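The values are calculated or read from the model by the stated rules, or taken from the named source; none is laboratory data. What you see is a predicted model; the values in this text were computed from it and never measured. With ideal geometry, Cβ positions are generated from the backbone for all residues, glycine too; neighbour counts draw on all protein chains shown. Heads up: the accessible areas ignore ligands, DNA and RNA and are worked out on the full protein's heavy atoms, side chains in. Shrake-Rupley method; radii C 1.70, N 1.55, O 1.52, S 1.80 Å.
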Amino acid sequence: FARHLVAIGLMPNVDAVFKHYLVRGKPGFVETRWAELADAVAWIRAAGGVPVVAHPGRYRLSDVEMARLLAAFVEAGGQGLEVVSGSHSDTKVSKFARYARRFSLLASRASDFHGAQESRVDLGRCAPLPDGVEPVWSRLIDRF
């Protein structure tokens with residue numbers, strides 16, 4: 001929808017659409033309602049998926065809070081952590097690799113690609129996982 005508004009000339013770019021229509025007090029804003037962590041993990045596993053904490057570098061959590069989150073995630077049956085992301089610096093990649101090893105989590109990587117000129121990293125061009133972490137897809141090979 002955002003791309004359509006840009007294409008028809010109503011808005012200059014996708015970012016402007018979000019700021020104009022989707023923030024608090026604007027017509028497209030919807031209050032976020034989060035599922036309980038244990039419920040979300042259970043739903044993903046019941047559907048045959050692998051629960052992964054996505055883009056942890058965007059969470060405004062201290063190291064202590066991140067460790068608590070990951071401990072609760074593992075306790076709930078969580079299995080992976082996005083170690084490499086298009087928005088993670090090298091420092092954050094190292095940090096999340098350490099968390100993956102510490103909590104025995106599988107590691108994922110993603111560009112967070114949403115479209116040309118909208119993403120920091122092109123699809124399939126994200127940096128490789130660092131040494132010493134097990135890729136999430138290593139456990140999925142048998143499924144395909």
May I ask you to list pairs of residues, at least six apart or on different chains, whose Cβ atoms are under 6 Å apart, with the first in region 28-55 being under 26 Å from Ala97 (Cβ atoms) and the second being polar (S, T, N, Q)?
Val50/Gln79; Pro51/Gln79; Val52/Ser108; His55/Ser85
Here the residues within region 19-42 that are open to solvent by less than 100 Å² (accessible area, probe 1.4 Å) and over 30 Å from Glu75 (Cα atoms) are His20, Tyr21, Leu22, Val23, Gly25, Lys26, Gly28, Phe29
Can you spot a residue in region 71-79 that is among the β-branched types (Val, Ile, Thr), open to solvent by 50 Å² or more (accessible area, probe 1.4 Å) and more than 16 Å from Glu134 (Cα to Cα)?
no
Do we find that Val64 is over 29 Å from Leu129 (Cα atoms) and open to solvent by 60 Å² or more (accessible area, probe 1.4 Å) in this structure?
no
